[in-house]
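Undergrad: First, the structure itself, so that you have it in front of you.
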Amino acid sequence: MQAAASYSTSADLGKLVLRSALAILILFHGVAKLTGGIGFISGLVTKYGLPPEAAYLVFVGEIIAPLMVLFGIWTRIGAAIIAINMAVAILLVHVGELLDIGKTGGWALELQGMFLATAIAIMLLGAGRYSLGGSGGRWN
């Protein structure tokens with residue numbers, strides 16, 4: 001019985017570490033866009049035929065969703081938004097690098113790939129008990 005409780009505690013702590021790492025690292029990108037503007041993204045979305053206002057969705061994917069994940073409020077939804085945000089970023093900015101190897105021998109998109117994979121993992125795992133929504137919350 002104690003082994004199951006120990007596993008549950010370490011699994012929940014692992015979810016907290018995973019959530020925190022993804023959310024904080026993505027938030028840095030969101031804050032940079034808040035302070036530096038989204039002109040670059042506006043240009044990209046209009047280049048692909050989307051209205052320039054669509055660029056503001058980056059704030060949902062890089063500010064609101066990471067805060068949801070960090071605090072464990074509707075964590076699965078927040079993680080899904082981050083995953084979609086990363087997929088769109090890869091398609092709009094990095095599609096030409098999909099098969100490239102970086103200067104140090106790693107995949108050129110390893111950061112974007114790690115963000116995407118981590119968001120999918122959190123979407124599947126949920127928040128765990130160390131969250132405002134609690135482990136029993138429907139969306140956590």
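Undergrad: Return a whole-number percent for the relative contact order of region 66-129, with Cα pairs under 8 Å and 6 or more residues apart as the contact set. Walk me through the intermediate numbers first.
TA: Working: 55 pairs, mean separation 27.8, N = 64.
Computed value for region 66-129: 43 percent relative contact order.
Undergrad: Another question, if that's okay. Mind checking the full-extension length gain between Trp107 and Ser20? Use 0.36 nm per residue of separation minus the Cα-Cα distance, one decimal, nm.
TA: Working: separation 87, 0.36 × 87 = 31.32 nm, distance 2.40 nm.
Working it through step by step, the gained length comes to 28.9 nm.
Undergrad: Enter the accessible area per residue of the chain (Å², integer; probe 1.4 Å; all protein chains in place).
TA: 59
Undergrad: Let me have the relative contact order for the chain, percent, based on Cα pairs under 8 Å that are six or more residues apart. Walk me through the intermediate numbers first.
TA: Values: 168 pairs, mean separation 41.8, N = 140.
With pairs under 8 Å counted, the relative contact order is 30 percent.
Undergrad: Over all distinct alpha-carbon pairs, what is the Kirkwood Rh of region 31-94 in angstrom?
TA: 12.2
Undergrad: State the three equivalent ellipsoid semi-axes of region 59-140, derived from the C-alpha gyration tensor as the square roots of 5 times its eigenvalues, in descending order and whole Å.
TA: On the way: eigenvalues 159, 31, 15 Å².
Ellipsoid semi-axes (Å, largest first): 28, 13, 9.
Undergrad: For Rg and Dmax of the Cα atoms in Å, which listed value, (1) 16.5, 54; (2) 16.8, 58; (3) 14.7, 45, comes from the coordinates shown?
TA: Answer by label: (2).
Undergrad: Let me check against my output: what whole-number percent is the relative contact order of region 1-76, with C-alpha pairs under 8 Å and at least 6 apart?
TA: Value for region 1-76: 36 percent.
The values are calculated or read from the model by the stated rules, or taken from the named source; none is laboratory data. It should be emphasised that the depicted structure is a prediction, and the values quoted were computed from it without experimental measurement. Side chains included, ligands, DNA and RNA excluded: accessible areas come from the protein's heavy atoms. Shrake-Rupley method; radii C 1.70, N 1.55, O 1.52, S 1.80 Å.
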